[in-house]
Every structure is written in structure tokens, then in C-alpha cells.
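The values are calculated or read from the model by the stated rules, or taken from the named source; none is laboratory data. From a predicted model like this one, the values you see are computed outputs, not experimental measurements. Reconstructed Cβ throughout: ideal geometry from the backbone, glycine too, with neighbour counts over all protein chains shown. Surface areas here come from the heavy atoms of the whole protein model, side chains and all, with no ligands, DNA or RNA. Shrake-Rupley method; radii C 1.70, N 1.55, O 1.52, S 1.80 Å.
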Amino acid sequence: MSEERNLSWWQGALAMLDGTLGVLISHDCDIAAESSVEPKIEWIPATASSTDGSKTYGKNPRILELSCGANTGSAQCLHFDVRSKTTPDKQHFFQNAALFEQQFSADQLVILRRWLSARYGRSAFPDAFESAMDRVRSKVDELSKKSGGGIRALYFDVDDGHMTERETEGDPYELLVYVVYPMETPIKIAEEFATKLSAIFSSKFKTSGVWNGIELVSCDAICEDNFSLLLANSTKTWRVDHRSLATPGASVPEPDR
């Protein structure tokens, strides 16, 4: 007789397992599959944390900070590190895990799933562009940490999507930045973020009115409701701790969704 499919768990469920809080990240189909087919589940331990803006909304591909219980009026920020993922035996999990009293909302589950997919589908930029970005990387990360809690993501349009390698700084990359924010973030906050980000680029790449390495053509705040599919397909997300493809000339993956 085949094993009964377990339909009591889902991807994104918060649970206590052996005294530790964590999130179930296996796909729903893998959770429901018989143990002979999928003997393990994937699970990431969680720790309580204060909010770090550079790690919200999946901006960091390794670490996510996401709140649960917002609908109950007692929101709690949880810290997840994908590198701490474990794969407990499925039957041990089913027999010993218990649902946590607070769970993620539907919107928060979307963020979690996008973060999980970004682990294996990060955008790639030319190596010369990455090298130039080293001048501002720490400043951009610092700004995201301090003021990026209400920012969904930074989308980069480099050379209108062509992104060819550069030989000299005299031929700078043309960069358009879209600071995408959710509806709940006041536009003033997003615009202030965009202004500060523009100042960072100007201070490092512009001298006596001349751009070197990277030319920031524009840096605009845009609500996610107005961020079209066309823009999403023609830009790439810039993530904290981002790295380019290691192999020169390797194919560039599709933009993050």
C-alpha cells in the first residue's frame, strides 16, 4: 500500500522542530510526495532579529529578514540564512514538527519564494561594470541597510541591456536605476532614497562634470504598481552581496522576477 500523501504542510510554513523555529522551504509537491520519492524536506532555522533594510524584500540572496504575525498585531521580524539550510528526514519532521503560532501572510510568502528562486537565478553584469561598482558597493549597501527597509528592489538598466565589456574608463557604462517601492511606502521616502543613491554615484564617478567608469543617466523612484513587465524584462536587479558570472563570455541568465 502506498504511503498517504501529507497535505498538512506547505512551502513557507513556520514550524517548531526539536525546539527550534524555522521555515519549511521544500516545494509543495515535494512535501506531499511519498518518502520513497522525496525522503527529505528542506528547512531553514530562524532567529529573531531587528529589521535591516538591506536584507528585506529579498535584496540579499543569502539572508532574508521577514516579519510574521503582522495580521495579528504582534509582528515579529525573523532572520533566515539560506546557508544554514538543513534537510531533516521527512517522516521525522511530520512526526515532531508543530506549526508556529504565527505564520506569514500571502504577500510575505511571495517575498520568501522570490528570495528562494533568486538564490539560483541571480542577474549577471559585465566584469568591468562590477569592478567599477566596487567604488560604491559599500556605500550602496550601507544606504540600503539604513534606509532601504521600504524599498522593494533596485533595478539596473546597463547600456540599454547590451552590457558589453569596456576597455577604458573613457567609455563609461550608461546606467539607469529604478528604485522600486511597494504601495505602503510613502513616495517621499523612496524619492529621498533615490536622491541619496544619485549622490553616491556622482561623488565616485563624476569629476569636473565628466563621468568615468559609470555614467548615471537617471535614478528614479517608481511604485511597483507602475513598474511594467517591459521594464522588468529589460532591467536586472542589483542585490546586496551581488557577484557577476565568473566565466568571461558566459551566457547571461534571465532577469530576476
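So here's what we get for this one:
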item: Segment 192-206 - residue that is part of a helix (DSSP H, G or I) and free of Cβ contacts under 8 Å to residues at least 40 places away in the same chain and, of those, surrounded by the most Cβ atoms within 10 Å (Cβ to Cβ); result: ALA194
item: Qualifying positions in segment 32-51 - in contact with a strand residue (DSSP E or B) (Cβ under 6 Å, 6 or more places away or on another chain) and either open to solvent by 10 Å² or more (accessible area, probe 1.4 Å) or of a type outside the set (Val, Ile, Thr) (or both); result: TRP43, PRO45, ALA46, THR47, SER49, THR51
item: Cβ-Cβ under 8 Å pairs, at least 6 apart or on other chains, segment 211-240 side at pLDDT 95 or above, far side acidic (Asp, Glu) and not in a strand (DSSP E or B); result: ALA221/GLU191
item: Test: residue in segment 10-21 that is under 30 Å from THR185 (Cα atoms) and free of Cβ contacts under 8 Å to residues at least 40 places away in the same chain; result: yes
item: Residues within segment 146-177 that are more than 30 Å from LEU112 (Cβ to Cβ) and assigned to a loop (DSSP other than H, G, I, E, B), tallied; result: 10
item: Selection count where residues are open to solvent by less than 50 Å² (accessible area, probe 1.4 Å) and at pLDDT below 85, scope segment 94-138; result: 6
item: Selected residue (criterion: farthest from GLY58 (Cα to Cα)) from residues of segment 139-152 that are open to solvent by 30 Å² or more (accessible area, probe 1.4 Å) and not hydroxyl-bearing (Ser, Thr, Tyr); result: LYS139
item: Residue, nearest to the chain's Cα centre (by Cα), within segment 153-177, restricted to residues that are modelled with pLDDT of 90 or more and open to solvent by 30 Å² or more (accessible area, probe 1.4 Å); result: LEU176
item: Residues (surrounded by fewer than 10 Cβ atoms within 10 Å (Cβ to Cβ) and either modelled with pLDDT of 90 or more or aliphatic (A, V, I, L, M) (or both)) located in segment 241-257; result: ALA246
item: Top-ranked residue in segment 39-73 [being modelled with pLDDT of 90 or more and not in a strand (DSSP E or B); ranked as nearest to LEU197 (Cα to Cα)]; result: GLU42
